[in-house]
Amino acid sequence: MIVFRNVSFAYPATQVFSDLNLSLEEDRINCILGPSGCGKSTLLNMLSGDIFPQSGKIENAEKRVSYVFQSPRLVPQITVLQNLDLILKSVVKDKAERRKRIVSALELVELENSGDMYPVQLSGGMAQRVALARAFLFPSRLLLMDEPFKGLDVALKKSIIGAFLSLYGREKKTVVFVTHDPDEAVTLGDKIFMLSDKPATVLAEFSVSEKQSERKIYDAELGKIKNEIYKISENR
Ligand code: ADP
Ligand code: MG
């Protein structure tokens, strides 16, 4: 379990966290739900080791981390296969083995015929599915997702979430999924940590027991949690 213990962090003019306490569940989808500017990306950057708490500590932080952002961030000059090989090369020496893993990840995100395409030839949804495949190909224990579905229409979001769940279903990682959208939070989170405005603290914590693949956005359990979330944000 990765634990934030009394973590404080400030930029020169902004106190983002003071005494944040949070326990992330292993091999589960931990959703960080909070308003824009509350410190969600800052929290992920502390998990990836790009920045460090100024006081307090993060226990059991992982060294190998995968990241998925709002934009796919593929290397434009090389093909999909080459983009995926780029991250795998450093950890798997055998070329045939790398190829096997890449092809199987592409199948899971339904892009088995797109390996030779260049990023510019992909639709936004296809590119984001490649970014997800890349995140799972890298042998990390921790996957950080920073608003990866932001700005997508409902149908596209559904298909990309489906691709994510296929990858995650085959190989669990500890996922920290950041969003400002309660629908996304209840669609994916096993745990939902609702953050306040900065300095951000945990306002509420929810657990969702139902399997992601069986959840419907109109489920009563999910509706109840969303109502709680709306109620808490309204009363602040
Ligand atoms: P979120 O991801 O929840 O929208 P961020 O973690 O990006 O929020 O930012 C939290 C706060 O810290 C915001 O007020 C933001 O303006 C500020 N901030 C973020 N990055 C920097 C930086 N590099 N320098 C100074 N202030 C920053
Ligand atoms: Mg952010």
Inset, instruction - Would you check which residues across the stretch 169-188 are surrounded by fewer than 20 Cβ atoms within 10 Å (Cβ to Cβ) and either outside the structural domain of residue 49 (by TED's automatic domain parsing) or within 30 Å of residue 100 (Cα to Cα) (or both) and list them? - result: 169, 170, 171, 172
Legend entry - Selection status of residue 82, of a type in the set (S, T, N, Q) and in contact with a strand residue (DSSP E or B) (Cβ under 9 Å, 6 or more places away or on another chain): no
Legend entry - Residue list for the stretch 103-157, restricted to those being under 15 Å from the mean Cα position of the chain (by Cα), over 14 Å from residue 80 (Cβ atoms) and among the charged types (D, E, K, R): 141, 146, 147, 150, 157
Inset, instruction - State whether one or more residues within the stretch 5-18 are surrounded by 19 or more Cβ atoms within 10 Å (Cβ to Cβ), within 29 Å of residue 183 (Cα to Cα) and among the basic types (Lys, Arg). - result: no
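Conditions tested, residue by residue: (1) at pLDDT below 95; (2) aromatic (Phe, Trp, Tyr); (3) closer than 30 Å to residue 91 by Cα.
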position	(1), (2), (3)
120	no, no, yes
132	no, no, yes
143	no, no, yes
185	no, no, no
189	no, no, yes
200	yes, no, no
207	no, no, no
223	no, no, no
Legend entry - Counted residues, the stretch 181-222 - those being assigned to a helix (DSSP H, G or I), within 16 Å of ligand 2 (Cβ to nearest atom) and either of a type in the set (Asp, Glu) or in contact with a Phe, Trp or Tyr (Cβ under 6 Å, 6 or more places away or on another chain) (or both): 1
Legend entry - the stretch 62-91, residues that are outside any helix (DSSP H, G or I), more than 16 Å from ligand 2 (Cβ to nearest atom) and surrounded by fewer than 16 Cβ atoms within 10 Å (Cβ to Cβ): 63, 64, 75, 76, 77, 78, 89, 90, 91
Legend entry - Matching entry among 204, 220 (being small (Gly, Ala, Ser), in contact with a helix residue (DSSP H, G or I) (Cβ under 6 Å, 6 or more places away or on another chain) and either free of Cβ contacts under 8 Å to residues at least 40 places away in the same chain or not assigned by TED's automatic domain parsing to the domain that holds residue 102 (or both)): 204
Inset, instruction - List every residue pair whose Cβ atoms sit under 6 Å apart, with the two residues 6 or more apart in sequence or on different chains, where the first one lies in the stretch 36-47 and is in the same structural domain as residue 19 (by TED's automatic domain parsing) and the second, anywhere, is among the β-branched types (Val, Ile, Thr) and near ligand 1 (Cβ under 6 Å from one of its atoms). - result: 39/16; 42/16
Inset, instruction - Please find, within the stretch 150-180, the residue that is nearest to ligand 1 (Cβ to nearest atom) out of those that are part of a loop (DSSP other than H, G, I, E, B) and touching a residue at least 40 places away in the same chain (Cβ under 8 Å). - result: 180
Inset, instruction - Check off (1) within 17 Å of residue 3 (Cβ to Cβ); (2) among the aliphatic types (A, V, I, L, M); (3) surrounded by 18 or more Cβ atoms within 10 Å (Cβ to Cβ) for residue 29 and give me the number that stays unchecked. - result: (1)
Inset, instruction - Could you tell me which of the residues 207, 213, 233 is under 19 Å from the mean Cα position of the chain (by Cα) and over 14 Å from residue 30 (Cβ atoms)? - result: 213
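Which one is nearest to residue 13 (Cα to Cα) among residues in the stretch 34-50 that are within 14 Å of ligand 1 (Cβ to nearest atom) and out of contact with any strand residue (DSSP E or B) (no Cβ under 7 Å at 6 or more places or on another chain)?
37
The values are calculated or read from the model by the stated rules, or taken from the named source; none is laboratory data. From a predicted model like this one, the values you see are computed outputs, not experimental measurements. Cβ coordinates were reconstructed from backbone atoms using ideal geometry, including for glycine residues, and neighbour counts include every protein chain displayed.
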